[in-house]
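K.L.:
Here it is, the structure, as structure tokens.
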């Protein structure tokens, strides 16, 4: 027999340096190489008692999937669930078999364009930018920058801003890999992410989905640039960095999609051909969502020189589509991505346009290999129309290929004219034809997707932008006998009839594509959210802390301008349409200006605690609920929440009904009146009611407890939320408990003493003071209980000895012997209450802080009478690894002892309050939700309150704030070798040890230490050298890790104590680290050093101890240092 824990232990044995094992991270990313994978498979065979194939790790690529797969070989022995670093649950199962593909008729599936991302010349960074450029009739052709001129690119063109810029760390790409990665791949990754953001689709939701990836890509100029750099082809990154297939495959891999993944190269029709394939795949049921894109980046002069030699380029660098003066095109670059969804998947989302038909074909025997064929183009359009089922009279505009060549334009006009009726029901019978190449130049492989995006925006906004540089139309076409015309100014498209646009793209080798789009009716859901109109909450997240700051600044600029419904929708979109990355922030306010101000405090690195929350979320972290005791009540508590928090009111109503059934009065009535009651009995019941209502609210939003602690009266609510009491029984117990305590009102009181329990007990014995220790909240304080006379004695005694003492707000001596006479009455009152077992860990202050699994009447009598050992309960929970604590009460009263205990554990920032005294309940709950979002599991992921809602505001939100660095092969001067050394140098220690070359850092230190160099120009070292400290080596290793992983120098998320594979290194990048460390210190480490010494700290100690000279060793040879 075996258990999940056996499998976890086996996996851990092959992942050195890992304290915990993420469940859903691939073994590749965890650092498991192929040799270790085979060894693990043999180990698993021994555990389950059956032969496990060596490929099992590749077939089931994460710990969760592998554990599930093992159950198919032999069932595990039944075991009690136990908390551990990897938490197998009953929901684990074998990877589901792919759903059968259902073939559908073309007309049975409507496909919508639900998201757009694009970058291009003229500063285009979004669909909005492109639309503004088109409506503004902007000519985006310009001169190349200095970087391009250095490469020999010295002609006017449509150039993007910094196409080499890339946020490598965001995508888990190392610096070495980024340098060899074609900028076309880099652009696709980022723009695809932006398209998903625009669609309101979280990337995490696509993992494992049958989403298709279809990419048009043609240029290979960067490959030449990399190979010209010399030894780059010897690295493991050359193939994946420069192949076209990797452009699509890398995106699918990053997103975790399992649908079709295709890179298409049909030259200038690549991306529109990819669109055709995506439409077919969606119709056939191969995928439910498709990411379709095209990209072109000019990385060298070769294609331009070839095109110029073929006389295809315009003399002035402009595409003068369909003009009398057309003389060729201008090369341009850009990246465009659209998200296509079936109507079922698009439900509730904004649709730019619907794809209704498409076709592809080949010119065949045209008049030359690169010459266009009007016959083929006519057949293509007719085929697309037939595929769509639309009436060709409804086609009012053609976004043409329109390169502006003297031959190509007339041929295209003839083909369109022959394919479509000589009239349209739109624009008085005129069918307009234009091309965005007149604004942007020829984007080659990306030209088709840009034509599609322009057409979708045209239908969405109901305006035809002007086509530039036409002037007098080409005389090579009979315009007078045609319905075709070029719009030389923007034309508003207003019609009740179906509006259809055709888009063409033709490859220079004869591969043609045509797509038809139709205006779509938006099917957006009505706005809804967890936050009332009086409080707005906006969420930001990023891969890094700096990214959160940058995102907050970008959001602040937008929110400054928003109010009313637009503000509310934008806030909701920030929750529903954006991926939830590890580093997170939340800003709260009642106006757009307030939110903008709060966001700017995040951006400045000094967040306002009253309006913001920050943190790093963990899927495996949930808080310990702490239900505090009496004393948190305040006049007017919770009143605002009943009217301003509609999703909270039902919960207090539910609790009120349960309480009223026992007391005859309703807590909600008291709270509405702002009256927290005169008697402590009733106050305790009100506190209980609020605690339970808040816990229910938290549950609704996905915030459930990892464990529970109750403090005195708070143990009643704690037992209910833990599942050990029904609401009805908990309400009865709260009332009974309060009434028992009511018997001792006026018979004494309680006092807080700032001194450890042991010393207080000694003090009581020495001074013969008759008081009892009632509460121990922290190791350095206690609360005493007893007779009023004795309280006065202890108060005076402490004052005389400068010991801090403070009366506690309590009208009776709780947790004292004065309750002993009421034990029988208590047991009689609770005799018919059904006590049960806790379903979550319950740490008990009345059981010495130990975890309890069940409770009974005796337990709660101890709760009433015995000491409240709160500090012991919290300490036990902290010892068990719980780091986050949420106090649930009308106001925080145990925050100070919680922080004191947490500070001793080195984690004082894990203490949180739910509601604040004299606070706005709406604001408090919004900030509480923000705390949960920023620090705990993915709260609200399945909440109906806001998920699934995507508004137009989703696209108005700024794109992700990328942290760009420029990566180019010329910057790689490390000459890093990935081949194993033929004869690695042995370490320094041992009888056959070799002496290593002293690293530059050590030489510099030596010169400083000797003080023998007067002018600090150079020195010859012939004697002993001070040893390089572990700290210096450690800092250098951390620095190199950050460089390899593309992490900012000031990012403190990587430290010397982090495991290499926890940082994100793999077996390949581990070799890269080894190579640069060898070079830095003049040594030769073993290839597996990052496995043997899995943290920078351990590796540094190894290097200093075994590879670098000591202060007493002479240096081999003579070293010269420039200082």
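The values are calculated or read from the model by the stated rules, or taken from the named source; none is laboratory data. Being a predicted model, the structure only gives us computed values, none of them experimental. Virtual Cβ from ideal backbone geometry, glycine too; neighbours counted across all protein chains shown.
K.L.:
I need the full set of residues from the stretch 283-312 which are farther than 30 Å from residue 341 by Cα and surrounded by 24 or more Cβ atoms within 10 Å (Cβ to Cβ), in order please.
P.N.:
298, 299
Conditions (1) over 22 Å from residue 114 (Cα atoms); (2) touching a residue at least 40 places away in the same chain (Cβ under 8 Å), marked per residue:
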residue: 332; (1), (2): yes, yes
residue: 350; (1), (2): no, yes
residue: 369; (1), (2): yes, yes
residue: 382; (1), (2): yes, no
residue: 409; (1), (2): yes, yes
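Per-residue answers, yes or no, for (1) in contact with a strand residue (DSSP E or B) (Cβ under 7 Å, 6 or more places away or on another chain); (2) at pLDDT below 85; (3) in a loop (DSSP other than H, G, I, E, B):
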| residue | (1), (2), (3) |
| --- | --- |
| 1027 | no, yes, yes |
| 1054 | no, yes, yes |
| 1065 | no, yes, yes |
| 1068 | no, yes, no |
| 1085 | no, no, yes |
| 1090 | no, yes, no |
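K.L.:
Consider residue 732 carefully, then state whether it is without any contact (Cβ under 8 Å) to a residue 24 or more places away in the chain, in contact with a helix residue (DSSP H, G or I) (Cβ under 7 Å, 6 or more places away or on another chain) and either part of a helix (DSSP H, G or I) or surrounded by fewer than 21 Cβ atoms within 10 Å (Cβ to Cβ) (or both).
P.N.:
No, not satisfied.
K.L.:
Name the single residue, out of those in the stretch 129-155 being modelled with pLDDT under 95 and in a helix (DSSP H, G or I), that is surrounded by the most Cβ atoms within 10 Å (Cβ to Cβ).
P.N.:
It comes out as 148.
K.L.:
Shifting gears a bit: Among the residues of the stretch 837-858, count how many are outside any strand (DSSP E or B) and over 29 Å from residue 637 (Cβ atoms).
P.N.:
Adding up the residues that qualify gives 7.
K.L.:
Additional query: Considering only the stretch 406-422, I want to know if a residue exists there that is under 41 Å from the mean Cα position of the chain (by Cα) and surrounded by 19 or more Cβ atoms within 10 Å (Cβ to Cβ).
P.N.:
Within the stretch 406-422, none of the residues are under 41 Å from the mean Cα position of the chain (by Cα) and surrounded by 19 or more Cβ atoms within 10 Å (Cβ to Cβ).
K.L.:
Taking the options 639, 663, name whichever one is surrounded by fewer than 24 Cβ atoms within 10 Å (Cβ to Cβ), over 39 Å from the mean Cα position of the chain (by Cα), more than 22 Å from residue 845 (Cβ to Cβ) and outside the structural domain of residue 544 (by TED's automatic domain parsing).
P.N.:
Matching residue, one of 639, 663: 663.
K.L.:
Ok, one more. Can you find a residue in the stretch 743-761 that is in a helix (DSSP H, G or I), closer than 20 Å to residue 631 by Cα and either touching a strand residue (DSSP E or B) at 6+ places or on another chain (Cβ under 9 Å) or modelled with pLDDT of 95 or more (or both)?
P.N.:
No: the stretch 743-761 contains no residue that is in a helix (DSSP H, G or I), closer than 20 Å to residue 631 by Cα and either touching a strand residue (DSSP E or B) at 6+ places or on another chain (Cβ under 9 Å) or modelled with pLDDT of 95 or more (or both).
K.L.:
Further question on the same structure: Do we find that residue 721 is surrounded by 18 or more Cβ atoms within 10 Å (Cβ to Cβ) and at pLDDT 95 or above in this structure?
P.N.:
Against the criterion (surrounded by 18 or more Cβ atoms within 10 Å (Cβ to Cβ) and at pLDDT 95 or above), residue 721 qualifies.
K.L.:
So, of the residues in the stretch 852-861 that are surrounded by fewer than 17 Cβ atoms within 10 Å (Cβ to Cβ) and either outside the structural domain of residue 833 (by TED's automatic domain parsing) or farther than 8 Å from residue 835 by Cβ (or both), which turns out to be modelled with the lowest pLDDT?
P.N.:
Filtering the stretch 852-861 for residues that are surrounded by fewer than 17 Cβ atoms within 10 Å (Cβ to Cβ) and either outside the structural domain of residue 833 (by TED's automatic domain parsing) or farther than 8 Å from residue 835 by Cβ (or both), the one modelled with the lowest pLDDT comes out as 853.
K.L.:
For the stretch 748-760, which residues satisfy the criterion of being in contact (Cβ under 8 Å) with a residue 12 or more places away in the chain and exposed (fewer than 15 other Cβ atoms within 10 Å of the Cβ)?
P.N.:
Residue satisfying the conditions is 754 alone.
K.L.:
If a residue has to be crowded, with 24+ Cβ neighbours inside 10 Å, in a loop (DSSP other than H, G, I, E, B) and in contact with a strand residue (DSSP E or B) (Cβ under 6 Å, 6 or more places away or on another chain) to count, how many in the stretch 314-330 make the cut?
P.N.:
Count: 3.
K.L.:
Going through 622, 558, 562 one at a time, which residue ends up being assigned to a helix (DSSP H, G or I) and over 15 Å from the mean Cα position of the chain (by Cα)?
P.N.:
558
K.L.:
Anything in the stretch 606-616 that is in contact with a helix residue (DSSP H, G or I) (Cβ under 6 Å, 6 or more places away or on another chain) and part of a loop (DSSP other than H, G, I, E, B)? List them, or say none.
P.N.:
607, 608, 611
K.L.:
A follow-up question, please. Give the residue, chosen from 915, 928, that is under 22 Å from residue 537 (Cβ atoms) and either over 21 Å from the mean Cα position of the chain (by Cα) or outside any helix (DSSP H, G or I) (or both).
P.N.:
Matching residue, one of 915, 928: 915.
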